[in-house]
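Colleague: Can you read through this structure? Questions will come right after.
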Amino acid sequence: MPADSGTFAADVVTQNLYLEISQAEDPATARAASRLLAHARSLHRELDARYFSTGVEIVLSINSLTAPRAGAELYGSLRDLHHVLEQERPGLAIRVVSDNRYEIEFRAVDGDPVADAVKYLMIPGSAEQVVTAGATFDVAQPPDGSSPFSVLFFRQLSTALDEYRRDRATTSDCRYLETIWADDERIALSNKPEAQMRRSLHDYLRTRLRDADPVVLQEQNVNESKPVDIRIQWIDGHRVSLVEVKWLGKSLKDSGDGLADMWSDGRAREGYTQTLNYLHEQRLTAPDQVVNATLVVFDARRWGAKWTSAEGYTCTKPWHFELANLDYSEVETEEMGMEPPVRFFLEPALPRAA
């Protein structure tokens, strides 16, 4: 992975912690803490940090690596853990047996010291620390409160979607989105506008996520038959983001004669379920990858939108749905990797008082 600001931040935090520990503890403890932090960084690199919502600890012996305990569950790679972490766990406790063997328990974690060992502890929203026999050392946190060791690819996508909303979607300020409207006031959509919406978002992400070097591809299959609108393969090779695009509002009929019925909340719920299914399919076809999925909804609903030969396109309350929430209560899940749906309200080119 190329060095970026996050990598440099992790390097600096690791170096500063080593210096702090070496001044307070004996040399063997400081060296063990340095090895421990390498495993902590590997854990964050291999797994989505949201897996640690109930806390994670890593324990490493100071003087020598130790044999696994009888009956212990062993893993040869931290990456392998993502197969068992998709369900809620009371906490993740890792004991380093050797450089590439880990003893795993699912139990609550704590900040208690361990004899002849050093411990890395992360409890999201509470603490990220290195614990020795004699002291506890805080891990410096970035301004956003994440771990300095976290891989922020998924967060970069979330930020890019927020920026796309502001820069392009809200005012249809894009060569693709300019073509999705049937009228200059942006009351009704043209026939089958989704392809242009997808191209617009794809074009933006391809440019915006350049530093992370994802491959953004349109209508990619997650299996033999199901195409997802946008699939992002992140540069670390085992993180994938799936983006499904849906639209709401009224569009021209296929015949071009008047407007079709309005798509609303029900279509958004269908899109959410479809996106969740894509997440499941991707995990089945690529079990070694950490996958997340996001439904993106282009909301062009207008209250009372209609077309007549005498008046053309008219609308009773063009801004009515600006702050409206979509109802996902029947289908929404807290499943790991399924992101909260994103809604872009496409503003009409009419005064708010209209």
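The numbers here are math on the coordinates, done by the rules we state, and not lab data. Remember, predicted model here, so these are calculated numbers, not experimental data. Because the Cβ atoms are built from the backbone with ideal geometry, glycine has one as well, and the counts that use them run over all protein chains shown.
Colleague: Show me, bin by bin at 5 Å from 0, the whole-percent P(r) of the range 153-345 based on Cα pairs.
Modeller: 1, 8, 16, 19, 19, 15, 10, 6, 3, 1, 0, 0
Colleague: Picking from Ser255, Cys174, Leu161, whose Cα lies most toward the positive end of the charge dipole for the range 153-345 (charges on Cβ: Lys, Arg +1; Asp, Glu -1)?
Modeller: Cys174
Colleague: Let me ask something else. Beyond 19 Å, what share of the Cα-Cα pairs of the range 1-120 is found? Please give it as a whole percent.
Modeller: Tail of the P(r) past 19 Å holds 49 percent of the pairs.
Colleague: Between Thr316 and Asn63, what FRET efficiency follows from the Cβ-Cβ distance if R0 is 51 Å, with the result rounded to 0.05?
Modeller: So the FRET efficiency works out to roughly 0.10.
Colleague: Grab the DSSP H runs of the chain that are 4 residues or longer, score each as -39,500 (n - 2.57), total them, divide by all residues and round the 222 nm result to the nearest 500 deg cm²/dmol.
Modeller: -8500 deg cm²/dmol
Colleague: What is the count of Lys pairs in the chain whose alpha carbons sit under 25 Å apart, if the two are 8 or more places apart or on different chains?
Modeller: Taking the Cα cut-off of 25 Å, the pair count is 14.
Colleague: Let me ask another. Between Trp303 and Arg175, take the C-beta separation as r, use R0 = 25 Å, and let me know the FRET efficiency to the nearest 0.05.
Modeller: 0.30
Colleague: Something else now. State the Cα centre-to-centre distance between the range 298-328 and the range 87-107 in whole Å.
Modeller: Between the Cα centre of the range 298-328 and that of the range 87-107, the gap is 53 Å.
Colleague: In whole Å, what are the Cα extents of the range 34-80 along the three principal axes, biggest one first?
Modeller: 29, 27, 19
Colleague: If packing is taken as the average count of other Cβ atoms within 10 Å, what order do 231-244, 92-105 fall into, highest mean first?
Modeller: The peptides rank, most packed first, as 231-244, 92-105.
Colleague: In addition: Kindly list the residues of the range 281-319 that lie in the label zone of Asp184, defined by a backbone N under 17 Å from the point 7 Å along the Cα-to-C-beta vector.
Modeller: Under cut-off, by backbone N: 311-315.
Colleague: Something else about it: Calculate the translational D of the chain in whole µm² s⁻¹ from Stokes-Einstein, where the hydrodynamic radius comes from the Kirkwood formula applied to all Cα pairs, the temperature is 37 °C and the viscosity 0.692 mPa s.
Modeller: Roughly 143 µm²/s, to the nearest whole number.
Colleague: Given the options Val12, Leu60, Ser200, identify the residue whose Cα lies farthest towards the positive end of the charge dipole of the chain (+1 on Cβ of Lys, Arg; -1 on Cβ of Asp, Glu).
Modeller: Among Val12, Leu60, Ser200, the one farthest towards the positive end of the dipole of the chain is Ser200.
Colleague: Right, next: Count the net charge of all other residues whose Cβ sits under 15 Å from the Cβ of Ile62, scoring Lys and Arg as +1 and Asp and Glu as -1.
Modeller: That works out to +1.
Colleague: For the range 73-142, what are the per-bin percents of Cα-Cα distances with bins 5 Å wide, up to the bin holding the maximum?
Modeller: 3, 14, 23, 23, 22, 13, 2, 0
Colleague: Follow-up question, since we're still on this one. Mind checking the dipole of the chain: about its Cα centre, +1 per Lys or Arg Cβ, -1 per Asp or Glu Cβ, Debye to the nearest 20?
Modeller: Its charge dipole is roughly 580 debye.
Colleague: With a Cα-only, solvent-free Debye model of the range 116-252, what are the log10 I(q)/I(0) values at q = 0.12, 0.22 Å⁻¹?
Modeller: Log-scaled intensity ratios, in q order: -0.65, -1.28.
Colleague: In debye, nearest 20: dipole of the range 5-138 around its Cα centre with unit charges on the Cβ of K, R (+) and D, E (-)?
Modeller: It works out to roughly 260 debye.
Colleague: Right, another one. Once the Cβ-Cβ distance between Ala70 and Glu194 is put in as r, and R0 is 41 Å, what FRET efficiency do you end up with, to the nearest 0.05?
Modeller: 0.10
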